[in-house]
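Participant: Submitted below is the structure of interest, expressed as structure tokens.
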Amino acid sequence: MHDAGAPTVRAPTDRGEAVRVGVAGDWHGNTGVALAAVRTFAEQGVDLVLHLGDFGLLWPGNSGQKYHRKVERVCAEHSVRLLVTPGNHEHWTRTDRLPLEARDGFGEIGWVTDHVAVLPRAHRFKIGDRSFVSLGGAVSVDREWRTADIDWWAQEAIEPEHVHATVAGGPVDVFLAHDSPAAPYWTPAVAQICTTNPQDWPADAVVDAAVGRTLMRQAFEAIAPSLFLHGHYHVRDSADVVLRSGGGCRIESLAADGEPGNVAILDLDTLRVEDLQVR
């Protein structure tokens with residue numbers, strides 16, 4: 001599934017000036033968290049959620065199928081659409097094979113169910129007057145304990161061609177990703193994790209993960225967004241960084257399923273991100 005040549009498209013909205021959308025960090029196929037989050041977004045009048053990866057896309061087995069059925073059911077019940085920027089813990093082979101379909105104003109993306117879709121790498125779209133680009137993927141530092149093509153897929157890693165495709169369309173307002181850019185464009189909590197390796201992950205995986213962040217930094221510098229949203233590190237943190245151009249960018253790292261700071265609301269007028277307590 002690849003969308004490098006797709007034009008920027010505009011998603012319809014009828015909310016007037018104060019458009020708000022949901023954003024969410026890693027859910028890891030956690031059905032209870034996903035259902036509660038969708039219901040909470042709906043209670044806030046949000047009908048579009050931008051998920052930042054490790055959603056649990058197309059995971060093999062009955063549990064994966066049940067997860068998708070239940071998430072689709074609650075999204076349909078509340079008229080919520082969910083657009084996923086893939087993480088590392090997704091079934092990348094199945095995700096890449098999804099046919100691309102243009103509907104609902106988001107351009108050609110991979111619809112997993114009627115209300116849940118995957119954003120291809122380098123995909124661009126607009127909501128109102130705000131422009132977005134998505135670059136999913138990251139390196140699994142726990143891959144040593146996983147089995148290739150069973151619960152780990154090499155396609156998770158960001159490659160130089162993904163960066164080239166992502167930057168080809170020029171700057172955007174909001175950059176959606178699973179991974180963080182490398183230093184100096186990361187939050188303090190993410191910097192602590194990446195520089196100290198507190199869980200003692202294998203050295204080769206740590207090196208590969210650093211390469212992925214460097215590639216993300218290249219895309220970040222070229223795109224020069226006003227807001228960069230990511231998950232992956234399971235921490236809620238923020239940072240204001242200065243771009244090479246002299247402009248500024250707010251970086252927001254979202255927490256993982258069941259933790260405070262896993263879901264938030266993005267105000268598209270101000271680009272402010274406000275955490276949302278799931279009930």
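We did not get these values from a lab; they are worked out from the coordinates using the rules stated. What you see is a predicted model; the values in this text were computed from it and never measured. Glycine gets a Cβ as well: all are built from the backbone with ideal geometry, and neighbour counts include every protein chain shown.
Participant: Could you list, in sequence order, all residues of segment 41-72 that are assigned to a helix (DSSP H, G or I) and among the aliphatic types (A, V, I, L, M)?
Facilitator: First pass over segment 41-72, keeping only residues assigned to a helix (DSSP H, G or I): 41-43, 62-72.
Result: ALA42, VAL71.
Participant: I would also like to ask the following. Considering segment 168-184 alone, what residues qualify as being under 21 Å from GLY87 (Cβ atoms) and in contact (Cβ under 8 Å) with a residue 40 or more places away in the chain?
Facilitator: VAL172, VAL174, PHE175, LEU176, ALA177, HIS178, ASP179, SER180, PRO181
Participant: Within segment 168-184, can you find the residues that are within 13 Å of TYR233 (Cβ to Cβ) and outside any loop (DSSP other than H, G, I, E, B)?
Facilitator: If the condition is that a residue be within 13 Å of TYR233 (Cβ to Cβ) and outside any loop (DSSP other than H, G, I, E, B), then ALA177 is the only one that fits.
Participant: Considering segment 189-231 alone, what residues qualify as being of a type in the set (Asp, Glu) and within 16 Å of VAL172 (Cβ to Cβ)? Show your work before the answer.
Facilitator: First, the residues of segment 189-231 that are of a type in the set (Asp, Glu): 200, 204, 208, 221.
Within segment 189-231, just GLU221 meets the criteria.
Participant: GLY231 versus (1) over 23 Å from GLN44 (Cβ atoms); (2) crowded, with 22+ Cβ neighbours inside 10 Å: which is the lone unmet condition?
Facilitator: Unmet condition: (1).
Participant: Can you give me the ranges of the strands (runs of 3 or more DSSP E) entirely in segment 185-279 with at least 1 residues that are under 21 Å from VAL84 (Cβ atoms) and touching a strand residue (DSSP E or B) at 6+ places or on another chain (Cβ under 7 Å)?
Facilitator: In segment 185-279, the matching strands (runs of 3 or more DSSP E) lie at 227-230, 248-253, 263-267, 272-275.
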